[in-house]
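Structure, as structure tokens:
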Amino acid sequence: DAKRIEVTRTFAAEHGVVLLLKGRPTAIGTPDGDLYLNPTGNTGLATGGSGDVLTGLVAGFLAGGARPADAAVLGAYVHGASADSLARNIAERSILPSDLIDVLPAVIAEVEASDEDEKTPLANSGLKKVN
């Protein structure tokens, strides 16, 4: 895992891109060499189509004006938090991409409410920026 995470940071910095690498944890590298580790998510995301939901989230945040790194970090967090929300009521292995889509509005509302007084998204999320 340590090598996978370091490769995320190095590749993003060397190529001047934002790189989101799904896994446990999901790692997001930035062109500046920053690295974020997402604390949300579970094995329910290891199913066909869940990456498409993640891509749609990131694209939606980009279309809404978010910077690429912020869109990737926020998308990964919301994606994982949606799976965590579902896992409170159903088995992780039974989570479908359509289930994720169904809970997205409530999860996004929770994230927005928890960050009401903060200037940056996810300030209280437990998301880790690794130096």
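The values are calculated or read from the model by the stated rules, or taken from the named source; none is laboratory data. Just so we're clear, the structure is a prediction, and the values are computed from it rather than from any experiment. Note that we place each Cβ from the backbone using ideal geometry, even for glycine, and neighbour counts take in every protein chain shown.
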Among (1) at negative phi; (2) surrounded by fewer than 12 Cβ atoms within 10 Å (Cβ to Cβ); (3) modelled with pLDDT of 95 or more, Ala109 falls short only on (3)
If you go through Gly48, Gly75, Gly64, the only one that is surrounded by fewer than 19 Cβ atoms within 10 Å (Cβ to Cβ) and within 18 Å of Ala109 (Cα to Cα) is Gly64
Boolean, Thr55 is in a loop (DSSP other than H, G, I, E, B) and either buried (at least 16 other Cβ atoms within 10 Å of the Cβ) or free of Cβ contacts under 8 Å to residues at least 60 places away in the same chain (or both):
no
The stretch 1-40: strands (runs of 3 or more DSSP E) wholly inside it with 2 or more residues that are touching a residue at least 60 places away in the same chain (Cβ under 8 Å) are 35-38
Expected output for the stretch 99-119 (first residue more than 16 Å from Asp84 (Cβ to Cβ) and assigned to a loop (DSSP other than H, G, I, E, B), partner modelled with pLDDT under 80 and of a type in the set (Phe, Trp, Tyr), Cβ below 6 Å, 6+ apart or cross-chain) is none
Inside the stretch 86-98, the number of residues satisfying the requirement of being under 19 Å from Asp52 (Cβ atoms) and assigned to a helix (DSSP H, G or I) is 6
